[in-house]
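Structure below; questions to follow.
The values are calculated or read from the model by the stated rules, or taken from the named source; none is laboratory data. This structure is a prediction, so every number in the text was calculated from the model and none was measured. Cβ atoms come from the backbone with ideal geometry, glycine included; neighbour counts cover every protein chain shown. Please note that ligands, DNA and RNA were not included when accessible areas were found on the heavy atoms of the full protein model with its side chains. Shrake-Rupley method; radii C 1.70, N 1.55, O 1.52, S 1.80 Å.
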Amino acid sequence: MSYIENSLGDGETIIARAHFHWLYSLLAWLALIFLGIFGIGIIIFISMMVRKWTTEIGVTSHRFVEKKGLFSLKSNEIALPNIEGVKVNQTFPGRIFGYGTVRIEGTGVDAVTTPIIADPVGFVRAIQTAKEHRPGKV
C-alpha cells in the first residue's frame, strides 16, 4: 500500500493522484544512453528514477499530500481549508506536451511545489473540486 492510502483518516478518500510526465522518464533514459559511458549518466538516471519511484502526490477529501524519500521519509501535507492559493507553471513546451508544476500555498506553512507532473491543470481542478465538496463545508 502507498503512503497516501496508509495515512487516510476515517471517511477520507483519495480524490486524485499526480504522476510524473513521460518526458521525465525519457530525459532519464537519454542521460543514461548519451552520458552513460562517462558514468555521470548512470548517476543521473538512477537519481531521477529513484525520485520518480519514491514520490507520491495526491489530493484526498481532506488534504493535499506529497511524500518523497527512499530510506527516509519527508511529507508535506496541507489541509484543504488551509490552501490559500494554487498556481500552475507551464512553459511553452509544457503546454504542448501537457506537463508543468503546481505550487500550493497554505496558511501558516511554506508553499509546496510539485515536481513536473502530467496534466497540472487537471490536478488543480481536482484540488478545487475537493475544496468545494469537502465534508462539513457550510
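Would you pick out the residues in the stretch 65-88 that are polar (S, T, N, Q) and outside any helix (DSSP H, G or I)?
Those that are polar (S, T, N, Q) and outside any helix (DSSP H, G or I): SER72, SER75, ASN76.
Is at least one residue of the stretch 67-86 closer than 22 Å to MET1 by Cα, at pLDDT 95 or above, among the hydrophobic types (A, V, I, L, M, F, W, C) and open to solvent by less than 20 Å² (accessible area, probe 1.4 Å)?
Scanning the stretch 67-86, I find no residue that is closer than 22 Å to MET1 by Cα, at pLDDT 95 or above, among the hydrophobic types (A, V, I, L, M, F, W, C) and open to solvent by less than 20 Å² (accessible area, probe 1.4 Å), so the answer is no.
Anything in the stretch 1-33 that is without any contact (Cβ under 8 Å) to a residue 40 or more places away in the chain and either on the phi > 0 side of the Ramachandran plot or open to solvent by 40 Å² or more (accessible area, probe 1.4 Å) (or both)? List them, or say none.
Across the stretch 1-33, the qualifying residues are MET1, GLU5, ASN6, ASP10, LEU26, LEU27, TRP29, LEU30, LEU32, ILE33.
So which residues in the stretch 89-122 are open to solvent by 60 Å² or more (accessible area, probe 1.4 Å), under 17 Å from GLY58 (Cβ atoms) and part of a strand (DSSP E or B), if there are any at all?
ARG103, THR113
Right, next: The conditions are (1) more than 20 Å from TYR3 (Cβ to Cβ); (2) open to solvent by 80 Å² or more (accessible area, probe 1.4 Å), and GLY36 fails exactly one of them. Which is it?
It fails just one condition, (2).
I'm checking my understanding of the structure. Among residues of the stretch 30-64 that are charged (D, E, K, R) and not in a helix (DSSP H, G or I), which one is farthest from ARG17 (Cα to Cα)?
ARG63
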